[in-house]
Amino acid sequence: MKYKEKTASEIIRMIEQDLCSISEICKTFKISRKTFYEWKKAKPEFGEAVEEAIDHREEVMIASARIGLKQLLEGYMQKKEKV
């Protein structure tokens, strides 16, 4: 498969949103992992976008983990409603 901006953008979105592994993404777009890594190496803008997407995904996971840990440490807040 030939490199296309639209495909690259969709791959970046899937990585950032942590929807699938690289292997699953490659299967979705019918490209080999080798092709993915060749694109990453040959297309600097794609490689940078992949790394930024991975970083963003990790930041979101860390923030989510912090929130979960804080809730566990403080106990769950209960919402009171008047009936």
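The values are calculated or read from the model by the stated rules, or taken from the named source; none is laboratory data. For clarity, every value in this text was computed on a predicted model and none was experimentally measured. Don't worry about glycine lacking a Cβ; one is built from the backbone with ideal geometry, like all the others, and counts go over all protein chains shown. Heavy atoms of the whole protein, side chains included, go into the accessibility calculation; ligands, DNA and RNA do not. Shrake-Rupley method; radii C 1.70, N 1.55, O 1.52, S 1.80 Å.
Worth a mention:
- Between 0 and 90 degrees, the angle of helix 44-74 with respect to the longest Cα principal axis of the chain falls at about 10 degrees.
- Solvent exposure, largest accessible area first (probe 1.4 Å, DNA, RNA and ligands not counted), of 57, 13: 13, 57
- All-pairs Cα distance distribution in the chain, expressed in whole percent, bin size 10 Å: 16, 38, 18, 13, 10, 4, 0
- Basic side chains Lys and Arg get +1 at the Cβ, acidic Asp and Glu get -1 at the Cβ, and with that the dipole of the chain about its Cα centre reaches some 360 debye.
- The C-alpha atoms of the chain define a longest principal axis, and helix 33-42 lies at about 80 degrees to it.
- With the whole protein complex present, residue 67 retains an accessible surface near 100 Å², based on a 1.4 Å probe.
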